[in-house]
Amino acid sequence: HTIIITFWITGVVFAAVVLFMAYCVFRFRHREGNRAAYEPENKRLESWLTIVTAVGVTALLVPGLFVWSRFVNVPSDATEVEVVGQQWQWSFRLPGKDGKLGTSDTSNVSAENPLGVIAADPNGQDDVVVEAADLHLPVGKPVKMLLRSIDVLHDFYVPEFRAKMDMIPGSVTYFWFTPTRTGTFQVLCAELCGQGHPLMNGVVMVDTQEDYVAWLGEQQTFAQLSAPQQTGSADPAAAGTLAPGSKISAKLETVEAR
């Protein structure tokens, strides 16, 4: 509705200014013997212009403040989802069973910890880490997107949600929305961020609650991703040791040159 209010106020002002200019051009056109009247100031006219301008600006500003209040005040039941932007890909982090996101720090970013999650924070151990560019969300539930960049300026933009926000290195920005229907929606970066900027795409899939829970159960947690990987094997043959008396067989495969 603020767009309609803005349209009517600016439209009326524009029409009034244009009509007044046309009147002045016709009424005060050049005529023989006419001399322009010089009036250095007119306090009455200045007062009216100030009042009319103040009323117009207030009429434009006040409705926008109500909308802005709804935009920045996040519902108390909103689920927090962290979005991490880096050249040139998206990553996501969702709260685990405790419903809380662990803290993170860009200084912790490494190949083993690409999102910089602080391992000492117990709230982060069960966080769900999605390194792919596909994010799933449940339909009908408010979501607060925490936006973070670990290299340069990015902008998380979902056109069909009519929602976008800059991602600034060293800061956490946010916005919130409530998905109202299921579907697949494209994610774009709306801030020029380097050579691969046009390829920095992703997908938000809005699922039913059942599909969302099923997808969430397939994802790995931070604790699972950061756990030491086993390099040995229980199979003695695979480990390089054989029991006494066991036979060794080898198979040689050749590939015909082409």
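The values are calculated or read from the model by the stated rules, or taken from the named source; none is laboratory data. Since the structure is predicted, the reported quantities are computational estimates derived from the model, not experimental observations. Every residue, glycine among them, receives a Cβ derived from its backbone with ideal geometry; neighbour counts consider all protein chains shown.
Laid out as a table, the results:
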| quantity | calculated |
| --- | --- |
| Check on L60, at pLDDT 85 or above and surrounded by 10 or more Cβ atoms within 10 Å (Cβ to Cβ) | no |
| So S149, is it more than 22 Å from W68 (Cα to Cα) and either without any contact (Cβ under 8 Å) to a residue 24 or more places away in the chain or of a type in the set (S, T, Y) (or both) | yes |
| The one condition in (1) at pLDDT 85 or above; (2) in contact with a Ser or Thr (Cβ under 9 Å, 6 or more places away or on another chain); (3) of a type outside the set (K, R) that S91 fails to fulfil | (2) |
| D126 being over 23 Å from F175 (Cβ atoms), modelled with pLDDT under 90, touching a helix residue (DSSP H, G or I) at 6+ places or on another chain (Cβ under 7 Å) and not basic (K, R) | yes |
| Single residue of A54, A37 found to be out of contact with any strand residue (DSSP E or B) (no Cβ under 7 Å at 6 or more places or on another chain), of a type in the set (A, V, I, L, M) and modelled with pLDDT under 80 | A37 |
| Matching residues in region 129-150 - criterion: being out of contact with any helix residue (DSSP H, G or I) (no Cβ under 8 Å at 6 or more places or on another chain), surrounded by 14 or more Cβ atoms within 10 Å (Cβ to Cβ) and at pLDDT below 90 | V130, E131, A133, D134 |
| Boolean, I9 is under 30 Å from R70 (Cβ atoms) and exposed (fewer than 10 other Cβ atoms within 10 Å of the Cβ) | no |
| Any hit, region 138-146, residues being over 30 Å from S69 (Cα atoms) and either assigned to a loop (DSSP other than H, G, I, E, B) or touching a residue at least 24 places away in the same chain (Cβ under 8 Å) (or both) | no |
| Extreme residue, modelled with the lowest pLDDT, among residues of region 22-34 that are assigned to a helix (DSSP H, G or I) and surrounded by 10 or more Cβ atoms within 10 Å (Cβ to Cβ) | C24 |
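Table: residues versus (1) surrounded by fewer than 12 Cβ atoms within 10 Å (Cβ to Cβ); (2) outside the structural domain of W68 (by TED's automatic domain parsing); (3) in a strand (DSSP E or B).
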position	(1), (2), (3)
V152	no, yes, no
Y157	no, yes, yes
K164	no, yes, yes
S171	yes, yes, no
Y174	no, yes, yes
V187	no, yes, yes
G194	no, yes, no
V204	no, yes, yes
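Matching residues to (1) under 14 Å from L147 (Cβ atoms); (2) among the hydroxyl-bearing types (S, T, Y); (3) touching a strand residue (DSSP E or B) at 6+ places or on another chain (Cβ under 7 Å):
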| residue | (1), (2), (3) |
| --- | --- |
| L61 | no, no, no |
| V74 | yes, no, yes |
| W90 | yes, no, yes |
| K100 | no, no, no |
| T103 | no, yes, no |
| T106 | yes, yes, no |
